[in-house]
Amino acid sequence: MRELHEIQTYYENQTRTFGRAEITRDHRRIARVITTVSGLSGVRCDALELGCGNGAVAAVLVDQGMVVTAVDFNGPAVEIAKTFESTRRGRLIPMQADFYTVVLPGHFDLIYYWDGFGVGTDEDQVKLLSRVKNWLAPDGVAVIDVFNPFYWSQQHGSSSVYEAPNGEKWKRQLEFDFQESRMVDCWTSLDNPAAETRSQSLRCYSPANFSMLLTSTGLAIRDLYTSDGLKITEGDASPLRERTSFLAVLEDCMESS
């Protein structure tokens, strides 16, 4: 992947500034949505989280009975995830690795990627989705959180202020690259003028464009949902207008045929 080091540095710095070793109401909400849309609520199974961040969502799923391998290339975030691992007796397995190259043992009943899909190019997404297909167990399901261009294009030029745990205030400036359909996310410290501005960009996809990515991956869309779990019916784009992302629930083409 192009500029992997710069992308990794962005996430590591964000974790150093904003990371907390805590499980919030939002983490529990995300876990509930994932299990509901995947059809695995209350099911004991093997799961894989891509881009696990601090591991809080994985910890919630472990507490519900799953075994979760949680992968992220963000070292500081994985260190936080290890604090949740210590009390979960081997059922939470944090790994610092690049999931475009990592070798994982076995197969998984559930694979999910929340808040981060779209790093890199379309070719990078196809490579990752092909790996997801190969990691799925028979009858396994993947849940991919996809950034919604309808929402992010409306946020072009908007800004907001966030406070870090140490009290430092940061300005978040949002831009939208209309040509490349990418959300551009820039952070500037308001209290430390010497701090470098941090930025990332994530590729946004409409459901139709995301479907085109799957053509050569061996995966098929089973269902589409909003990020809060509302099912999206074919031809009705209205649920996407005010939501940051949508969830693509994927299955193996061969298994579904």
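Separation of the stretch 151-223 and the stretch 8-40, taken as the distance between their Cα centroids, equals 16 angstrom.
Using the rule -39500 (n - 2.57) for each DSSP H run of four or more residues, divided by the residues of the chain, the 222 nm mean residue ellipticity is -9000 deg cm²/dmol. Could you grab the relative contact order for the stretch 3-108? Cα pairs under 8 Å, six or more apart, rounded to a whole percent. Once divided by the residue count of the stretch 3-108, the mean separation gives 26 percent. Each Lys or Arg adds one and each Asp or Glu takes one away; over the other residues whose Cβ falls under 13 Å from the Cβ of ALA58, this sums to -1.
In percent, rounded to a whole number, the relative contact order of the chain is 17, using alpha-carbon pairs under 8 Å and six or more apart. Rounded to the nearest angstrom and listed largest first, the equivalent-ellipsoid semi-axes of the stretch 151-201 from its Cα gyration tensor are 23, 11, 7. Within a straight-line Cα-Cα reach of under 19 Å, LYS171 can be paired with the following aspartates and glutamates, leaving aside sequence neighbours fewer than 8 residues apart in one chain: GLU12, GLU163, ASP185, ASP191, GLU196. For the chain, the Cα gyration tensor yields ellipsoid semi-axes of 27, 23, 17 Å (square root of five times each eigenvalue, largest first, whole Å).
Read the figures in this text as sums done on the coordinates, not as results from a lab. Just so we're clear, the structure is a prediction, and the values are computed from it rather than from any experiment. Using ideal geometry, Cβ is built from the backbone for each residue, glycine included, and neighbour counts are taken over all protein chains shown.
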